[in-house]
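> Got a structure for you, questions after.
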Amino acid sequence: MSVPVVLVHGLRVSGSMWRPQVEMLQEQGRRVVALDLPGHGERRGEEFSLGSAVDAVAGAVDELGERALVVGLSLGGFVSIATAAAMPGRVAGLVAASCTARPVQALMHMYRLPTVLLDRLPDKGQAVNQRFHKLTLPDEGAEAVLDGGLAMEAARAVIDEVSELDVLGALRAYPGPVWLINGARDHFRIHEKRFLDACVDGRLLNVPRAGHMVSLDQPENFTKIIGDAADVVSVRAAGGPGAPPRLEPGAVREADSAS
């Protein structure tokens, strides 16, 4: 039986962004949970911290009753990496998407500035962000994102918390298999080779014709990657004669039909 899957969303959005993956994975008979992080979705109003976010992911894994494949995108990718480093016994494998940029102070300052500007708008930038998602995502993807609401107020705390994360150190601390996934058009790819080098057992897949929201730009392709990763982790965990050989660390591939 395949390991269960925990899906961790990005900044301002919620677990609703994973609707295409949840539906497709459930159709395959897989167990899957798409949680809301503190300060987002049904947990808006709660204070976000990296520690509370890691606890939320660990709680979702515990709810499933066994080790899980943890999949995160953007903010969710950073949170998933931190969870894998802190609790490797609960994370059977890690898929970190759209997050291969080191959250150093200089880079995070670039994200603080637009947050400050949006905060000055009467609606805190809700309308701007809604239009952005509708313009840049397929209709079903934009609907999935917006159905969970946009937690504009969470951005400052998230940026401050993530800026303190030693993400490369966290990757080095996690001994399990890692899939780094990026849209080929994503601006967050800037440090992807350094992230790959930090993984004990990692591979990097770039998805053609996809941007930062790779799971919604290419939902079928991204879901296939998740399913294949879950199967690899499951066979490894079983340790039987059919277990695949360890993939060579440092593998870089295009992901039209990735495994």
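> What's the local net charge at D186, with K and R +1, D and E -1, over the other residues with C-beta under 13 Å away?
That works out to +1.
> Okay, moving on. With r as the distance between the Cβ atoms of A238 and E47 and R0 = 51 Å, compute the FRET efficiency 1/(1 + (r/R0)^6) and round to 0.05.
Efficiency for this residue pair is about 0.80.
> Could you derive backbone 3J(HN,Hα) for region 138-146 from the dihedral phi with the Karplus parameters 6.51, -1.76 and 1.60 (θ = phi - 60°), listing whole Hz in sequence and x where the residue is Gly or Pro?
x, 3, 5, x, 4, 5, 4, 5, 6
> Also, quick follow-up: Pop out the ³J(HN,Hα) list for region 65-73 in order, Karplus 6.51 cos²θ - 1.76 cosθ + 1.60 with θ = phi - 60°, rounded to Hz; leave Gly and Pro as x.
Per residue, the Karplus-derived 3J(HN,Hα) values read x, 7, 4, 10, 7, 9, 10, x, 10 Hz.
> In debye to the nearest 20, how big a dipole does region 115-226 give about its Cα centre with +1 on each Lys and Arg Cβ and -1 on each Asp and Glu Cβ? All intermediate terms of the calculation are to be shown ahead of the outcome.
Working: 13 positive and 17 negative charges, 83 e Å.
Rounded to the nearest 20 debye, it is 400 debye.
> Next question, about the same structure. With the crude spin-label approximation of a point 7 Å out along Cα→Cβ, what separation in nm comes out for E140 versus L64?
Label at E140, label at L64, 2.2 nm between them.
> Label-point separation (nm) for Q130 and S163, each offset 7 Å from Cα along Cα-to-Cβ?
Label-label distance for Q130 and S163, simple model: 3.0 nm.
> Only loop residues by DSSP count here, and only those with at most 14 other Cβ atoms within 10 Å; note down the GluC sites (Glu not before Pro) in region 162-237 that meet that.
Loop-located and lightly packed - E164.
> Just to check I understand the Karplus step: with θ = phi - 60° and J = 6.51 cos²θ - 1.76 cosθ + 1.60, what whole-Hz values come out for region 203-209, glycine and proline as x?
Whole-Hz 3J(HN,Hα) from phi for region 203-209: 8, 10, 10, 10, 9, x, 6.
> Quickly work out the D228-to-R102 label distance, labels modelled 7 Å from Cα along the C-beta direction, and quote it in nm with one decimal.
Here the answer is 3.0 nm between the modelled labels.
> Amide H neighbours of R102 under 5 Å, counting only residues 5+ apart in sequence or on other chains, H built in-plane at 1.01 Å?
Under 5 Å from the amide H of R102: H191.
> Let me check against my output: what whole-number percent is the relative contact order of region 165-228, with C-alpha pairs under 8 Å and at least 6 apart? Display every interim value, and only then the final one.
Numbers: 88 pairs, mean separation 22.0, N = 64.
Once divided by the residue count of region 165-228, the mean separation gives 34 percent.
> Moving to a separate point now. So how do L137, L171 line up by other beta-carbon neighbours within 10 Å, fewest first?
L137, L171
> Amide H neighbours of V95 under 5 Å, counting only residues 5+ apart in sequence or on other chains, H built in-plane at 1.01 Å?
V70, V71, G72, W179
> A follow-up question, please. If I stretch the segment between E27 and K193 completely, what's the gain in nm (0.36 nm per residue apart, minus their alpha carbon distance), one decimal?
56.3 nm
Read the figures in this text as sums done on the coordinates, not as results from a lab. Worth saying up front: this structure is predicted, and the values here are computed from it rather than measured. Neighbour counts run over all protein chains shown; Cβ positions are idealised from the backbone, glycine included.
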